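Novice: Okay, handing you the structure first.
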Amino acid sequence: MIRRLLAGLAAAAALAAPASAQTPAEINFGIISTESTQALKQDWAVLLEDLQKHLGIRVNAFFAPDYGGIIEAMRFGKVQIAWHGNKSGMEAVDRAFGEVFAQQIAEGGAPGYWSYLFAHRDSPYHSLEDVKKNAKNIVLGFGDSNSTSGYLVPGYYAMALNGLDPKTSFKAMRQANHETNMMAVAMRQVDVATGNNESYEKFARRYPERAKELRIIWKSPLIPSDPMVWRRDLDPQLKEKIRAFFVNYGKNEREREALRRIGIAGFKASDNNQLLPIRQLELFRQKLALERDERLPAAEKQARVAEIDRRLAELNAQMAALAR
């Protein structure tokens, strides 16, 4: 009985914390589901082949039907490295033993990217104000709940700040990846949908006639470019080899073409601090939702808002220290 109890405690501890530094026999590279698996597999194939040669370890592409699947795979050690959005990267750092080690550089050298709202080119909706006025008649295509540009950013800037709730303000709300949402607008299956400029550019290359059916009706503030995340229990020497590969990738035409397939210009070194603005945004969104929730008792609402304000103050202090 005691042995079984001790074995159970050991197993629980193994799940609760990362193991000591390790060099795996092979690596699974997680790719978030912004498009179809087939399209993503083709786009990342050359880079992952080059990473395998650089490391001398087999590198496998790992896919899941949603962003949460990549986060959970990293949590349970089935994924060692992953491309994340900032929102899913934050979740991976907080609950999947993740650590940001690099950041994508957008095509053209932009410091980030933008979330969009799309409507059909023949739609009567030309602006966010039109969407707000006609919400009850609109079928909304929204992003994965762990997507930065498909969910978090438009959920705050386009929805919450305008008194809209994606789940209740519209005729219907459907969640899908960027490619599926854009295709749904082009085929008039939804009226308005979220996406971003990088996914739109790839969509236009892949489906030029469908892309002509789309109209951009809203553009967000700048979003920091996506993080690359590894499990923090990887061997330190292996980590350095991985980081060196990414920050130096793009030196010849083969590598530059591989980056173009992905839709980026390269990578630069980064760390968990790149997630601070996203943490701030998530807390602002939570605070706004709390302040508008009329069902909560006043004392509970006040206490929860005060806790968010405390956490925001800590974030502001961290960001100010980094800026100095």
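The values are calculated or read from the model by the stated rules, or taken from the named source; none is laboratory data. Note that the structure is predicted; figures quoted are calculated from it, not measured. FYI the Cβ positions are ideal-geometry reconstructions off the backbone, even for glycines, and counts take in every protein chain you see.
Novice: Restrict the check to segment 238-250 and report whether at least one residue is at pLDDT below 95 and more than 24 Å from I71 (Cα to Cα).
Specialist: Step one: list which residues in segment 238-250 are at pLDDT below 95, which gives none.
Checked against the condition, which is being at pLDDT below 95 and more than 24 Å from I71 (Cα to Cα), segment 238-250 yields no hits at all.
Novice: Still on this structure: When you check F267 against the structure, is it touching a helix residue (DSSP H, G or I) at 6+ places or on another chain (Cβ under 7 Å), farther than 20 Å from N86 by Cβ and buried (at least 17 other Cβ atoms within 10 Å of the Cβ), yes or no? Write out each step before concluding.
Specialist: Numbers: touching a helix residue (DSSP H, G or I) at 6+ places or on another chain (Cβ under 7 Å): yes; farther than 20 Å from N86 by Cβ: no; buried (at least 17 other Cβ atoms within 10 Å of the Cβ): yes.
For F267, the condition - touching a helix residue (DSSP H, G or I) at 6+ places or on another chain (Cβ under 7 Å), farther than 20 Å from N86 by Cβ and buried (at least 17 other Cβ atoms within 10 Å of the Cβ) - is not met.
Novice: Among L296, L275, which is the only one that is touching a residue at least 60 places away in the same chain (Cβ under 8 Å) and not in a strand (DSSP E or B)?
Specialist: Values: L296 fails: touching a residue at least 60 places away in the same chain (Cβ under 8 Å).
It is L275.
Novice: Take the residues of segment 75-97 that are within 8 Å of the chain's Cα centre (by Cα) and not hydroxyl-bearing (S, T, Y): which is surrounded by the most Cβ atoms within 10 Å (Cβ to Cβ)? First the steps, then the outcome.
Specialist: First, the residues of segment 75-97 that are within 8 Å of the chain's Cα centre (by Cα): 84-89.
After this cut, where a residue has to be not hydroxyl-bearing (S, T, Y) as well, the list is 84-87, 89.
Values: H84: 28, G85: 28, N86: 28, K87: 27, G89: 32.
Among those that are within 8 Å of the chain's Cα centre (by Cα) and not hydroxyl-bearing (S, T, Y), it is G89.
Novice: Any idea which residue in segment 152-166 is surrounded by the most Cβ atoms within 10 Å (Cβ to Cβ), counting only those that are more than 18 Å from the chain's Cα centre (by Cα) and part of a helix (DSSP H, G or I)?
Specialist: Within segment 152-166, the subset more than 18 Å from the chain's Cα centre (by Cα) is 159-166.
Filter once more, keeping what is part of a helix (DSSP H, G or I): 159-162.
Values: M159: 27, A160: 19, L161: 13, N162: 13.
Within segment 152-166, the match that is surrounded by the most Cβ atoms within 10 Å (Cβ to Cβ) is M159.
Novice: Right, next: Look at segment 93-121 and say how many of its residues are of a type in the set (D, E) and in contact (Cβ under 8 Å) with a residue 24 or more places away in the chain.
Specialist: Within segment 93-121, residues that are of a type in the set (D, E) and in contact (Cβ under 8 Å) with a residue 24 or more places away in the chain number 2.
Novice: Further question on the same structure: Going through Q175, Q103 one at a time, which residue ends up being in contact with a strand residue (DSSP E or B) (Cβ under 8 Å, 6 or more places away or on another chain), of a type outside the set (D, E, K, R) and closer than 24 Å to Q42 by Cβ? Walk me through it before giving the result.
Specialist: Numbers: Q175 fails: closer than 24 Å to Q42 by Cβ.
From the options Q175, Q103, the qualifying one is Q103.
Novice: Next question. Looking at segment 110-138 only, could you name the residues that are modelled with pLDDT of 95 or more, surrounded by fewer than 24 Cβ atoms within 10 Å (Cβ to Cβ) and over 20 Å from A211 (Cβ atoms)?
Specialist: Within segment 110-138, P124, S127, L128, E129, D130, K132, K133, N134, A135, K136, N137, I138 qualify.
Novice: What pairs come out if I take residues in segment 145-174 that are over 23 Å from I70 (Cβ atoms) and pair them with residues that are loosely packed, with under 14 Cβ neighbours inside 10 Å and at pLDDT 95 or above whose C-beta lies under 9 Å away, six or more apart or interchain?
Specialist: N162/E129; S169/K136; F170/K136; F170/N137; K171/K136; K171/N137
Novice: Can you find a residue that is over 23 Å from E72 (Cα atoms), surrounded by 15 or more Cβ atoms within 10 Å (Cβ to Cβ) and not hydrophobic (A, V, I, L, M, F, W, C) anywhere in segment 230-240?
Specialist: The answer is no; no qualifying residue exists.
Novice: Right, next: Could you identify the single residue in R261, R188 that is assigned to a loop (DSSP other than H, G, I, E, B), of a type outside the set (D, E) and in contact (Cβ under 8 Å) with a residue 24 or more places away in the chain?
Specialist: Numbers: R261 fails: assigned to a loop (DSSP other than H, G, I, E, B).
Exactly one of R261, R188 is assigned to a loop (DSSP other than H, G, I, E, B), of a type outside the set (D, E) and in contact (Cβ under 8 Å) with a residue 24 or more places away in the chain, namely R188.
Novice: Which residue out of I27, I2 is over 16 Å from D233 (Cα atoms) and either at pLDDT 95 or above or β-branched (V, I, T) (or both)? Reasoning before the result, please.
Specialist: Details: I27 fails: over 16 Å from D233 (Cα atoms).
So the residue among I27, I2 that is over 16 Å from D233 (Cα atoms) and either at pLDDT 95 or above or β-branched (V, I, T) (or both) is I2.
Novice: Considering every residue within segment 240-249, establish whether at least one is hydroxyl-bearing (S, T, Y), outside the structural domain of G266 (by TED's automatic domain parsing) and outside any strand (DSSP E or B).
Specialist: So far as segment 240-249 goes, no, none of its residues is hydroxyl-bearing (S, T, Y), outside the structural domain of G266 (by TED's automatic domain parsing) and outside any strand (DSSP E or B).
Novice: Sticking with this structure for a sec: Return the only residue of S149, S169, S199 being assigned to a loop (DSSP other than H, G, I, E, B) and of a type in the set (G, A, S). Show your work before the answer.
Specialist: Values: S149 fails: assigned to a loop (DSSP other than H, G, I, E, B); S199 fails: assigned to a loop (DSSP other than H, G, I, E, B).
Residue meeting the stated conditions: S169.
Novice: Examine segment 176-198 for a residue that is within 17 Å of D144 (Cβ to Cβ), of a type in the set (D, E, K, R), crowded, with 16+ Cβ neighbours inside 10 Å and in the same structural domain as Y151 (by TED's automatic domain parsing), and state whether such a residue exists.
Specialist: Yes - at least one qualifying residue is present in segment 176-198.
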